[in-house]
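In what follows, a single structure is set out as structure tokens and then discussed.
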Amino acid sequence: MMTVLGPVAPTELGYVDAHEHLFLRSPALPTDEFWDGEKSTAEAASVRASGIGTIIDLTPVGLGRRPVALAKLSAEAGLHVVAATGYHRVAHYPAWHWAREVSEDVLLDILLTDLTAGMDDRDWAGPRPVPSTVRAGIIKLGASYQRITGDEHRWFRAGAEAARRVGVPVAVHCETGTAPHEILDTLARLGVAEYRVLLGHMDRNADPELHRELASRGAYLVYDTVGRIKYGPDARILDLIESLAAAGLAGQLCLGTDVGRRSMLRAYGGGPGMDVLGREFLPRLERRLGHELVDLVMRDAPAALFSGRP
Ligand SMILES: [Zn+2]
């Protein structure tokens, strides 16, 4: 598998924070962008200090990726970073955005370049790319609330094809945790098996039966509102994990915080900070369900997702 500093074995990742953004700019989040290399490095170093060895950065094409800065951050903060390529849900791209206009061949070409040659250091924002040798290691896609819309279907087709060809997993933004079965069905039709898919934001739809169904299909779930209390107390996430563990399905679960706003980052004077997972949540999880369970969701589940084995 590929990190921003080159290939590593999935078993070398250590504990994995499976959903973050180290740089982000989106018209959907005005005034909440973050772009400063030193501040993001400080956040990543705090994640490292909390005992986590790898950050999966799920910022897709055109939303402010800084591949060269990511590689520098990874080296300075002393942790692995897996970068993403792919296309988010339509709300993140204005109506005039090129990703809505170009052919599916061009959409695919950009993903393959990011995965196999290196990402454009201008994040495909202008007519003249600034090639880097920093490669993406995961595909990010997005669906709208309750459905996959027109442009999202085009981006799913390109993303699935790139994932199939290069052999990388696919992380999907499920808006408020909706439409996960439709997303898995769509990807399966496009040749991406459930065990290569990470469904994001499932704890926003805190439905234990649904989560057991999805995990039983072989998909990976990520609970990624850890520390973001406006969506509910962390105890709700502990309850969901306990329910999956009781069904023997915790090996399909990953964790993250997705503190993808300037106002949530301590480096900008906000909170809870990207390290809230290791700092506050994992000690609670260990007290509730034990150390082996923490190893399972933080280390073994992400390693299995990247291994490409069912
Ligand atoms: Zn996110």
Practice problem: Provide a single number: the residues in the stretch 214-242 that are touching a Gly at 6+ places or on another chain (Cβ under 6 Å) and not in a loop (DSSP other than H, G, I, E, B). | Solution: 1
Quiz item: Of the numbered conditions (1) of a type in the set (D, E); (2) within 16 Å of the ligand (Cβ to nearest atom); (3) farther than 29 Å from E12 by Cβ, E101 satisfies every one except a single condition; which is it?
Solution: (2)
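Count, please, the residues in the stretch 179-213 that happen to be at negative phi and part of a loop (DSSP other than H, G, I, E, B).
Within the stretch 179-213, residues that are at negative phi and part of a loop (DSSP other than H, G, I, E, B) number 6.
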Quiz prompt | Filter result for the condition that a residue is out of contact with any Phe, Trp or Tyr (no Cβ under 8 Å at 6 or more places or on another chain) and outside any helix (DSSP H, G or I), over T59, T85, T41 | solution = T85
Quiz item: How many residues does the stretch 184-215 contain that are touching a residue at least 40 places away in the same chain (Cβ under 8 Å), within 16 Å of the ligand (Cβ to nearest atom) and touching a Phe, Trp or Tyr at 6+ places or on another chain (Cβ under 8 Å)?
Solution: 1
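Taking the stated definitions as given, is G218 modelled with pLDDT of 95 or more, within 14 Å of the ligand (Cβ to nearest atom) and either within 21 Å of I183 (Cβ to Cβ) or buried (at least 18 other Cβ atoms within 10 Å of the Cβ) (or both)?
Values: modelled with pLDDT of 95 or more: yes; within 14 Å of the ligand (Cβ to nearest atom): no; either within 21 Å of I183 (Cβ to Cβ) or buried (at least 18 other Cβ atoms within 10 Å of the Cβ) (or both): yes.
No, not satisfied.
Please find, within the stretch 14-24, the residue that is farthest from the chain's Cα centre (by Cα) out of those that are within 13 Å of the ligand (Cβ to nearest atom) and either surrounded by fewer than 20 Cβ atoms within 10 Å (Cβ to Cβ) or in a strand (DSSP E or B) (or both).
Step one: of the stretch 14-24, the residues within 13 Å of the ligand (Cβ to nearest atom) are 17-24.
Now narrow it down to the ones that are either surrounded by fewer than 20 Cβ atoms within 10 Å (Cβ to Cβ) or in a strand (DSSP E or B) (or both): 17-20, 24.
Values: D17: 9, A18: 6, H19: 4, E20: 6, L24: 13 Å.
Once the filter is applied, the top-ranked residue is L24.
What is the residue count in the stretch 255-292 for residues that are surrounded by fewer than 19 Cβ atoms within 10 Å (Cβ to Cβ) and either free of Cβ contacts under 8 Å to residues at least 60 places away in the same chain or assigned to a loop (DSSP other than H, G, I, E, B) (or both)? Quick ask: steps written out before the conclusion?
Initial filter on the stretch 255-292 (surrounded by fewer than 19 Cβ atoms within 10 Å (Cβ to Cβ)): 261, 263, 266, 268-271, 279-280, 283-284, 286-292.
Next, only the ones that are either free of Cβ contacts under 8 Å to residues at least 60 places away in the same chain or assigned to a loop (DSSP other than H, G, I, E, B) (or both) stay: 261, 269-271, 280, 283-284, 286-292.
Residues in the stretch 255-292 being surrounded by fewer than 19 Cβ atoms within 10 Å (Cβ to Cβ) and either free of Cβ contacts under 8 Å to residues at least 60 places away in the same chain or assigned to a loop (DSSP other than H, G, I, E, B) (or both): 14 in total.
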Exercise. Being crowded, with 20+ Cβ neighbours inside 10 Å and within 16 Å of the ligand (Cβ to nearest atom) is the filter here, so list the residues in the stretch 27-49 that pass it.
Key: F34, S40, E43, A44, V47
Quiz item: Looking at the stretch 229-254, which of the residues that are within 16 Å of the ligand (Cβ to nearest atom) and surrounded by fewer than 20 Cβ atoms within 10 Å (Cβ to Cβ) is farthest from L198 (Cα to Cα)?
Solution: K230
Practice problem: Have a look at T54, T11, T3, T59 and point out the one that is of a type in the set (V, I, T), in contact (Cβ under 8 Å) with a residue 40 or more places away in the chain, under 20 Å from L198 (Cα atoms) and within 13 Å of the ligand (Cβ to nearest atom). | Solution: T59
Quiz prompt | Residues being among the basic types (K, R) and surrounded by 13 or more Cβ atoms within 10 Å (Cβ to Cβ) - total across the stretch 109-139 | solution = 2
Quiz item: Given the structure, is D224 charged (D, E, K, R), modelled with pLDDT of 95 or more, crowded, with 20+ Cβ neighbours inside 10 Å and in contact with a Leu (Cβ under 8 Å, 6 or more places away or on another chain)?
Solution: yes
Quiz item: If you go through the stretch 247-268 one residue at a time, do you hit one that is more than 21 Å from the chain's Cα centre (by Cα) and within 25 Å of A219 (Cβ to Cβ)?
Solution: yes
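Going through the stretch 161-171 one residue at a time, which ones are more than 14 Å from Y195 (Cβ to Cβ) and either buried (at least 23 other Cβ atoms within 10 Å of the Cβ) or within 16 Å of the ligand (Cβ to nearest atom) (or both)? Break it down stepwise before answering.
So in the stretch 161-171, the residues more than 14 Å from Y195 (Cβ to Cβ) come out as 161-162, 165-166.
Passing the criteria: only A162.
The values are calculated or read from the model by the stated rules, or taken from the named source; none is laboratory data. What you see is a predicted model; the values in this text were computed from it and never measured. Here Cβ is always computed from backbone atoms with ideal geometry, including for glycine, and neighbour counts include all displayed protein chains.
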